[in-house]
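The structure appears right after this line, and notes come after that.
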Amino acid sequence: RKEVEQDPGPFNVPEGATVAFNCTYSNSASQSFFWYRQDCRKEPKLLMSVYSSGNEDGRFTAQLNRASQYISLLIRDSKLSDSATYLCVVKGSSNTGKLIFGQGTTLQVKP
Amino acid sequence: GAGVSQSPSNKVTEKGKDVELRCDPISGHTALYWYRQSLGQGLEFLIYFQGNSAPDKSGLPSDRFSAERTGGSVSTLTIQRTQQEDSAVYLCASSLEGTFGYTFGSGTRLTVV
């Protein structure tokens, strides 16, 4: 079983739609959680951290459920520019700062 | 520099040759990481540096892979006797120790023919 699992998609949605991605992780001792965004043939960039209380950044909302070991990302009012691959990322229990990346979920927003 | 710089951006090599990939992290970032990403796959951790030492090299796939870091700055990832399965994008990231604000370079796309 992979340490971080995501539905690869693709998710094809119209502009203005609300879309949600889920991710599960296997290590219950994981400490920190993130969503990264990766555009085609580009490097990943940090989108947002994920906190237990849930957090919001504009149109983006992230949630963490430790009991079920899953993380979610909600995007409201989708824009064409949101088209990208969204990577669920988990920091393990070690102290090296090593991040474990999911395979990514591809989002395509269409006009 | 302002960002993480990697070179070369693209490298095509023949099977069996050795290659060196270079990473120049953000100035002042003590932690440096190497990942690789194969086509359609997620990022695979290779090695982590804190200063010039590598406390976690658990992701190196074989003894053909090695990395070093000098002066707490530039790092070189070396792949000896390259194989076709080594073809991937090799990404370097750096961060301030104790934070998780990874900044990635744009990567080196390695193709072994």
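Where a number appears in this text, it was derived from the coordinates with a stated rule and is not lab data. Model, not experiment: these values are computed from the prediction. As a convention, Cβ positions derive from the backbone with ideal geometry for all residues, glycine included, and neighbour counts pool all protein chains shown.
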I need the full set of residues from region A:68-102 which are within 14 Å of chain B (Cβ to nearest Cβ), surrounded by fewer than 21 Cβ atoms within 10 Å (Cβ to Cβ) and polar (S, T, N, Q), in order please. A:Ser93, A:Ser94, A:Asn95, A:Thr96
Of the numbered conditions (1) of a type outside the set (Val, Ile, Thr); (2) in contact (Cβ under 8 Å) with a residue 40 or more places away in the chain; (3) on the phi > 0 side of the Ramachandran plot, B:Gly51 fails exactly one; give the number of that condition. (2)
Apart from one, (1) surrounded by fewer than 19 Cβ atoms within 10 Å (Cβ to Cβ); (2) among the small types (Gly, Ala, Ser); (3) within 8 Å of another protein chain (Cβ to nearest Cβ) all hold for B:Gly107; the odd one out is (1)
Single condition A:Gly54 does not satisfy, out of (1) of a type outside the set (Phe, Trp, Tyr); (2) within 14 Å of chain B (Cβ to nearest Cβ); (3) on the phi > 0 side of the Ramachandran plot; (4) free of Cβ contacts under 8 Å to residues at least 24 places away in the same chain: (2)
Of the residues that sit in region A:20-49 and are among the small types (Gly, Ala, Ser) and either assigned to a strand (DSSP E or B) or in contact (Cβ under 8 Å) with a residue 60 or more places away in the chain (or both), which one is nearest to A:Ser83 (Cα to Cα)? A:Ala20
Being in a loop (DSSP other than H, G, I, E, B) and more than 14 Å from every other protein chain (Cβ to nearest Cβ) narrows it down to one of A:Ala17, A:Ala62, so name that one. A:Ala17
So which residues in region B:87-113 are without any contact (Cβ under 8 Å) to a residue 60 or more places away in the chain and over 14 Å from B:Tyr35 (Cβ atoms)? B:Ser87, B:Gly98, B:Thr99, B:Phe100, B:Gly101
